[in-house]
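Below: the structure, in structure tokens.
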Amino acid sequence: MKKPYIFAVDDDPQVLQAIQRDLRKEYRKDFRILATASANEGLEALKDLKNKGEDIALFVSDQRMPEMYGVDFLEKAKKIYPEAKRVLLTAYSDIDAAIKAINDVQLDYYLMKPWTPPEERLFPVLNDLIDDWQSGHIPSFHGIKVVGHQWSPQSHTIKDFLSGNMIPYQWIDILSNNKGKELLQLNELDDTRLPIIFFEDGSYLVQPKLAELANKIGLKTEAKQALYDVAIIGAGPSGLAAGVYGGSEGLNTILIEKRAPGGQAGTSSRIENYLGFPKGLSGSDLARRAITQATRFGVEFLSPQEVDRIELLNQYKTIHLKDGSSINTKSILISTGVDYRKHPAKGIEKFTGAGVYYGAANTEAHACKNQEIFIVGGGNSAGQAAVYLSRFAKNVYIVIRRPDLTSSMSSYLIDQINEVPNIHLLSKTNLMEVKGDEQLNSVVLEHVETNEITEKNASALFIFIGARPYTHWLPKEIMLNNKGFVETGHSLKQHGEFKKTWKLERDPSLLETSIPGIFASGDVRAGAMNRVASAVGEGSMAIKFIHEYLAEN
């Protein structure tokens with residue numbers, strides 16, 4: 001934890017040097033000492049310190065300064081750091097001004113100059129003030145602060161991006177937390193242009209695009225090299241595993257992700273059936289471990305970067321990105337996974353990000369405290385979200401069309417749900433409509449058998465209703481099944497067009513697509529098992545086949 005500051009201002013260099021010397025002698029173990037000869041420069045420094053999230057315990061200011069009187073400086077400083085203690089240094093002739101300041105600006109104390117010996121005339125006074133400050137002080141958050149509206153889709157996108165990339169941040173709702181208003185007023189910013197992100201260096205971004213935010217926090221969005229052995233598109237469990245194995249086996253590897261590592265698995269609050277973790281682990285923890293492991297082996301990771309198209313040139317491939325840049329590679333692994341299907345209920349689109357969320361249970365969980373929460377879906381992701389959200393919400397309702405969860409959810413999750421008293425199953429029920437003003441207020445449900453319509457209060461709705469493959473961007477030469485999943489290996493021979501496009505004497509390898517040198521693994525692939533462990537297995541297997549392809553070319 002960073003030490004708080006003691007801030008001294010005096011235009012006389014000798015006096016400033018003396019007070020700085022005495023403060024450092026007594027307090028440098030627990031405080032940082034900051035001193036300036038200019039009151040105006042001091043006020044500018046305070047703004048910067050406030051943006052950085054620094055704490056100030058005590059101001060010590062001279063009264064007679066050419067730029068402004070000390071009481072005026074302390075009055076302005078109080079608006080920036082209202083909890084800090086304030087001490088005025090005065091000459092005998094300024095006692096009346098000091099006494100008046102006690103009433104006008106809540107001055108805590110005034111000291112006559114000179115204050116020697118400090119052990120008798122300075123330190124006892126300051127010690128009492130510092131003790132008083134520390135008794136009520138709550139340390140400021142050091143790191144990224146996001147100021148926005150709780151029910152703003154833009155704010156949700158920023159929070160989801162930061163949490164997905166495992167970047168710590170503090171969320172400040174402008175309507176419920178005065179710290180947000182203080183930061184905006186201090187920097188003369190308009191609250192109609194939220195979200196605004198404040199950084200630890202004191203700078204800020206107003207309504208940033210994700211690429212701009214990524215560059216600011218140090219994520220890489222540009223490739224370093226001219227040619228790669230393998231480019232992996234998608235950083236879910238399968239892509240991450242391929243990255244680890246590709247890097248560890250000496251392949252020049254680049255990993256491209258449009259949002260954050262982990263894919264859908266990365267949003268899971270708890271994965272309890274993954275080998276080697278008897279107590280389970282969160283999806284974000286799995287992604288963090290995997291990214292750390294991959295980058296240790298020299299794998300480049302680009303995020304957020306979205307692929308626009310793939311261009312084929314003999315045995316080389318060029319990946320064109322949405323930002324106009326491109327990456328040249330000898331082989332490609334497609335591990336883009338799946339997207340949540342959009343729910344057809346009336347009003348869903350209007351409130352997406354403003355009470356309606358696809359996945360994202362971890363990001364918005366704290367906003368659900370003591371609220372009525374609904375989850376649509378009966379798979380493992382829905383069950384994990386329900387158990388996690390039940391720790392915050394007053395009640396969690398799982399809405400499913402089926403009679404029960406047994407056909408779609410793992411038994412260990414069903415057992416957990418049955419043991420949580422504030423999780424309720426609404427079976428044989430459809431979500432028909434969501435309602436609200438600026439944010440979600442209620443959901444309209446219909447019973448499948450009786451057609452009975454009910455409307456229930458709802459603060460948040462989380463949707464987990466199955467998935468569709470993220471394949472619409474692929475070139476037409478890559479064959480898909482009738483549901484849009486990528487065909488690989490022997491199953492390609494079922495397509496009548498296969499022989500027209502495949503011109504090699506050998507058959508495609510197990511995870512190879514209809515284009516030689518382009519492979520697919522994980523949930524995006526037709527016939528995948530839709531389990532984290534199988535996705536990881538396929539990603540590692542794909543590297544073996546890529547090695548074979550590179551050897552023959």
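The values are calculated or read from the model by the stated rules, or taken from the named source; none is laboratory data. These numbers were taken from a predicted model, which means no experiment stands behind them. We place every Cβ from the backbone using ideal geometry, glycine too, and count neighbours over all the protein chains shown. Accessible surface areas use protein heavy atoms only, side chains included; no ligands, DNA or RNA. Shrake-Rupley method; radii C 1.70, N 1.55, O 1.52, S 1.80 Å.
Give the range 526-537 a look and list any residue that's over 28 Å from the mean Cα position of the chain (by Cα) and either open to solvent by 30 Å² or more (accessible area, probe 1.4 Å) or touching a residue at least 60 places away in the same chain (Cβ under 8 Å) (or both), or say none.
Result: Gly527, Met529.
Say we look at the range 315-337 and pick out the residues that are open to solvent by less than 20 Å² (accessible area, probe 1.4 Å) and in contact with a Phe, Trp or Tyr (Cβ under 8 Å, 6 or more places away or on another chain); which of these is nearest to Gly243 (Cα to Cα)?
For the range 315-337, the residue satisfying everything is Leu333.
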Checked the range 275-293 for anything open to solvent by 20 Å² or more (accessible area, probe 1.4 Å), touching a Pro at 6+ places or on another chain (Cβ under 9 Å) and under 14 Å from Ala533 (Cβ atoms); matches are Leu286
Of Ile167, Ile158, the only residue that is closer than 30 Å to Ala287 by Cα, open to solvent by 20 Å² or more (accessible area, probe 1.4 Å), among the β-branched types (Val, Ile, Thr) and out of contact with any Lys or Arg (no Cβ under 7 Å at 6 or more places or on another chain) is Ile167
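Rundown of residues vs (1) in contact with a helix residue (DSSP H, G or I) (Cβ under 8 Å, 6 or more places away or on another chain); (2) free of Cβ contacts under 8 Å to residues at least 12 places away in the same chain, yes/no style:
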| position | (1), (2) |
| --- | --- |
| Glu438 | no, no |
| Glu446 | no, no |
| Thr454 | no, yes |
| Phe464 | yes, no |
| Arg468 | no, no |
* Is it true that Phe374 is more than 20 Å from Leu445 (Cβ to Cβ), outside any helix (DSSP H, G or I) and either in contact with an Asp or Glu (Cβ under 9 Å, 6 or more places away or on another chain) or touching a residue at least 12 places away in the same chain (Cβ under 8 Å) (or both)? -> no
The lone condition Gly234 fails out of (1) at positive phi; (2) open to solvent by 10 Å² or more (accessible area, probe 1.4 Å) is (2)
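Identify the residue in the range 15-65 that is β-branched (Val, Ile, Thr) and closer than 17 Å to Ala77 by Cβ and, among all such residues, is farthest from the chain's Cα centre (by Cα). Explain how you work it out, then say what you get.
Pass one, the range 15-65, residues β-branched (Val, Ile, Thr): 15, 19, 33, 36, 56, 60.
Restricting the remaining residues to those that are closer than 17 Å to Ala77 by Cβ gives 19, 33, 36, 56, 60.
Working: Ile19: 43, Ile33: 34, Thr36: 37, Ile56: 28, Val60: 39 Å.
Here the answer is Ile19.
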Sole miss for Asn395 among (1) in contact with a strand residue (DSSP E or B) (Cβ under 7 Å, 6 or more places away or on another chain); (2) open to solvent by 80 Å² or more (accessible area, probe 1.4 Å) is condition (2)
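I'd like to verify a number: residues in the range 142-152 that are surrounded by fewer than 15 Cβ atoms within 10 Å (Cβ to Cβ) and either among the aromatic types (Phe, Trp, Tyr) or over 19 Å from Leu49 (Cα atoms) (or both), how many?
If we filter the range 142-152 for residues that are surrounded by fewer than 15 Cβ atoms within 10 Å (Cβ to Cβ), which is where we start, we get 143.
Of the ones still in play, those that are also either among the aromatic types (Phe, Trp, Tyr) or over 19 Å from Leu49 (Cα atoms) (or both) are none.
Adding up the residues that qualify gives 0.
Of all residues in the range 191-215 being in a loop (DSSP other than H, G, I, E, B) and polar (S, T, N, Q), which is farthest from the chain's Cα centre (by Cα)?
Going through the range 191-215, the residues in a loop (DSSP other than H, G, I, E, B) turn out to be 191-195, 199-203, 207-209.
Now drop any that are not polar (S, T, N, Q), which leaves 192, 203, 207.
Values: Thr192: 22, Ser203: 18, Gln207: 15 Å.
In this case the residue turns out to be Thr192.
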